[in-house]
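Read through the structure below, which is laid out as structure tokens, and then see the notes.
No lab work stands behind these numbers, since they all come straight from the coordinates. For clarity, every value in this text was computed on a predicted model and none was experimentally measured. Virtual Cβ from ideal backbone geometry, glycine too; neighbours counted across all protein chains shown.
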């Protein structure tokens, strides 16, 4: 897959606000152009020998293929789960203008590397970013 190919990455988290803080760091550092947060999902899964049924939040990040490893590395350091769900799916078709916006928004400028912290709780509250041009 070419470096300028787009992917969507889904990541679950314990709640909407903590996941929003996590997403803001990724967008601020230009690792993701955008994150769409679904505030409440129901996840049923097996963990440590038992089936669990819990509420979580979900974010879908829009980014480029070349940044997936950096996002996984960030999740390993910042995410509160031992094994965070980080699933990257290739985008097979996209509006040309939206693709260019994602590429422009994730182009390396002055941001990156990411801030270091101890999970979601280390992030101070941030002002809401301006509405994107879409």
So for the pair residue 85, residue 16, with labels modelled 7 Å out along Cα→Cβ, what separation do we get in nm? 1.8
Likely footprinting exposure, 52, 24, fewest C-beta neighbours within 10 Å first: 52, 24
Taking the beta-carbon count within 10 Å as an exposure proxy, list 56, 50, 17, 78 from fewest neighbours to most. 50, 17, 56, 78
Give me the extension gain from residue 38 to residue 92: residue separation times 0.36 nm, minus the current Cα-Cα distance, reported in nm with one decimal. 17.2 nm
